[in-house]
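Peer 1: One structure coming up, written as structure tokens, with questions to follow.
The values are calculated or read from the model by the stated rules, or taken from the named source; none is laboratory data. Every value quoted in this text rests on a predicted model; they were computed, and no experiment measured them. For neighbour counting, all protein chains shown are included, and Cβ atoms are generated from backbone atoms with ideal geometry for every residue, glycine included. Heavy atoms of the whole protein, side chains included, go into the accessibility calculation; ligands, DNA and RNA do not. Shrake-Rupley method; radii C 1.70, N 1.55, O 1.52, S 1.80 Å.
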Amino acid sequence: MPILTCVEDLRRRARRRVPKMFFEYAEGGSYAEETLRANRADFERIKLRQRVLIDVSRRELATTMIGEPVAAPFALAPIGLCGMQWGDGEILACRAAQAAGIPFCLSTMSICAIEDVAAAVDKPFWFQLYVMKDRGFVRALVERAAAARCSALVLTIDLQVLGQRHRDIRNGLTVPPEIRVKNLIDIATKPAWALSALRGKRKTFGNISGHVKGMQNVNSLSRWIAGQFDPALNWKDVEWIRSLWPGKLILKGVLDVEDARLAAKTGAAALVVSNHGGRQLDGAPSSISALPKIVDTVGGEIEVMFDGGIRTGADILRALALGARSCLIGRAYLYGLGAGGEAGVARAIQILRDELDVSMALCGVNSVGAIGRKVIAQE
């Protein structure tokens, strides 16, 4: 693998190696992509406070996430179609995360099934759940996650209806790819990706195909998914999920203070401040701009995690400084997967970890627990 010094290097390499429809699925946001851009722009406006002549020789990145010991304060976020960035992508990413001592979260809309990942790794991982109209299927998914010894259930609550993603429509995104001339030409120029996909265990949504009657055919499967997100989803459904799930529950997709108050009352172990990576409500605030008020409101009642726009270790430091206990990393690790499979994910994790370590040192901080708003430069 060539010298890859930062996440942007991984991104550029992934763009060359992954077919356009799948790279742009990961890259894009909804509608005009205002919120997608804001997630990055607002991070870059936050300046760090450089400190000098402070003993930072004993730095420690280890901490806990929902009581689980972790080697660094971040986890790999759930990402749909992860296995279309590289064959068996979910398995490879989970292995890299576990080798690094951080959590991995598998998406409901993954290519590899829960059981595929559980059979391929040695330690428990997290599972992300969408509540669909077919509540019997949802119950079965929760039971399968418990049977696979998943250590946490991440319930995504910001996808009652799907925000339109123009890039996916233009690219004719399907899983597996439609047989179109332009798709075939694109894939022909990505031989390493094509070989990885050919060798992969599955070519469609592993958690769904074969588990719902009549859903073996990919076209009907796609139609079923499109009609299954439930606009009637509400807080009572969170109570129902809690009654089914025997372990720790994390609520992902909170962006409003009032919703944070309601989330804190559910008994969940944590909430994730997130706007779905700018892929849902376009024009919503960036995740990082919403974080401080939510922490100030409910940080004493529930563990607050952060998701959205992280590309560097300094970004992780910024989120922790504004009150997040930990972060979820999405596109940054996905670029690593597309750039180089398991080794690429491991490199993405190492880049973020090293950048966080150096940023902490230059801000005069020795431990994750010591990070606070004191590391933010006051204008």
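Peer 1: Which angle from 0 to 90°, rounded to the nearest 10, does the C-alpha axis of helix 235-244 make with the longest principal axis of the chain?
Peer 2: 80 degrees
Peer 1: Check which residues have an amide H placed less than 5 Å from LEU81's amide H, if you skip close sequence neighbours.
Peer 2: Excluding prolines and chain starts, which carry no amide H, the hits are SER110, ILE111.
Peer 1: Order the peptides 78-87, 234-243, 61-70 from the highest to the lowest mean number of other Cβ atoms within 10 Å of their residues. If you can, show how the numbers build up before the last one.
Peer 2: Numbers: 78-87: 26.5, 234-243: 14.2, 61-70: 16.6.
In descending order of packing, they fall as 78-87, 61-70, 234-243.
Peer 1: Moving to a separate point now. Which value in nm describes the separation of the simple spin-label points at THR64 and ALA41, placed 7 Å from the Cα toward the beta carbon?
Peer 2: Placing both labels 7 Å along Cα→Cβ, they lie 4.0 nm apart.
Peer 1: Taking amide H positions as placed 1.01 Å from N in the peptide plane, with prolines and chain starts having none, which residues 5 or more places from GLU60, or on another chain, fall under 5 Å of its amide H?
Peer 2: Under 5 Å from the amide H of GLU60 lie the amide H atoms of SER367, VAL368, each far enough along the sequence or on another chain.
Peer 1: Further question: Step through the residues of segment 268-275 one at a time and calculate ³J(HN,Hα) from phi using the Karplus curve (6.51 cos²θ - 1.76 cosθ + 1.60, θ = phi - 60°), rounding each to whole Hz and writing x for Gly and Pro.
Peer 2: Each residue of segment 268-275 in turn: 5, 6, 7, 10, 10, 6, 7, 10 Hz.
Peer 1: Okay, moving on. Label-point separation (nm) for ARG373 and ALA194, each offset 7 Å from Cα along Cα-to-Cβ?
Peer 2: 5.6 nm
Peer 1: Between VAL272 and residues 5 or more places away or on another chain, which pairs have amide H atoms under 5 Å apart, with H built 1.01 Å from N, and which residues are they?
Peer 2: LEU251, LYS252, GLY253, VAL254, MET305
Peer 1: Still on this structure, please answer the following. Report the FRET efficiency, 1/(1 + (r/R0)^6), for GLN228 and ARG180, where r is their Cβ-Cβ distance and R0 is 35 Å, rounded to 0.05. All intermediate terms of the calculation are to be shown ahead of the outcome.
Peer 2: Working: r = 26 Å, r/R0 = 0.74.
Computed FRET efficiency for GLN228 and ARG180 comes out at 0.85.
Peer 1: If you take the beta carbon distance between ARG135 and LEU162 as r and set R0 to 25 Å, what does 1/(1 + (r/R0)^6) give as a FRET efficiency, to the nearest 0.05?
Peer 2: On the way: r = 19 Å, r/R0 = 0.76.
E(calc), rounded to 0.05, equals 0.85.
Peer 1: Return the carbon/sulfur percentage of the accessible area of the chain, one whole number, probe 1.4 Å, all protein chains in place. Before the final figure, lay out the partial values.
Peer 2: Numbers: 8350 of 15820 Å².
Within the chain, the accessible surface is 53 percent carbon and sulfur.
Peer 1: Dividing the Cα convex hull volume of the chain by residue count, how many Å³ per residue is that? Write down the numbers at each step before the final one.
Peer 2: Values: hull volume 49.2 nm³, N = 379.
Here the figure is 130 Å³ per residue.
Peer 1: Taking only Cα atoms, what is the 0 to 90° angle, nearest 10, from helix 287-298's long axis to the longest principal axis of the chain?
Peer 2: It is inclined by approximately 70 degrees.
Peer 1: About its Cα centre, what dipole magnitude does the chain give when the only charges are +1 on Lys and Arg Cβ and -1 on Asp and Glu Cβ, stated in debye to the nearest 20?
Peer 2: Details: 50 positive and 39 negative charges, 154 e Å.
Dipole about the Cα centre, nearest 20: 740 debye.
Peer 1: Compute the accessible area per residue over the chain, keeping the other protein chains in place, probe 1.4 Å, unit Å². Intermediate values should be presented prior to the final figure.
Peer 2: Numbers: 15820 Å² over 379 residues.
The answer is 42 Å² per residue.
Peer 1: If R0 is 22 Å, what FRET efficiency do you get for ILE3 and ALA99 from their C-beta distance, rounded to 0.05? Walk me through the numbers on the way to the answer.
Peer 2: Details: r = 21 Å, r/R0 = 0.96.
Between ILE3 and ALA99 the formula returns 0.55.
Peer 1: Limiting things to C-alpha atoms, what are the Rg and the maximum Cα-Cα separation (Dmax) for segment 264-321, in angstroms?
Peer 2: Here Rg and the maximum Cα pair distance are 11.8, 33 Å.
Peer 1: Once the dipole of the chain is set up with Lys and Arg at +1 and Asp and Glu at -1 on Cβ about the Cα centre, which of PHE127, SER367, ALA268 lies farthest towards its positive end?
Peer 2: Going by the Cα projections, it comes out as PHE127.
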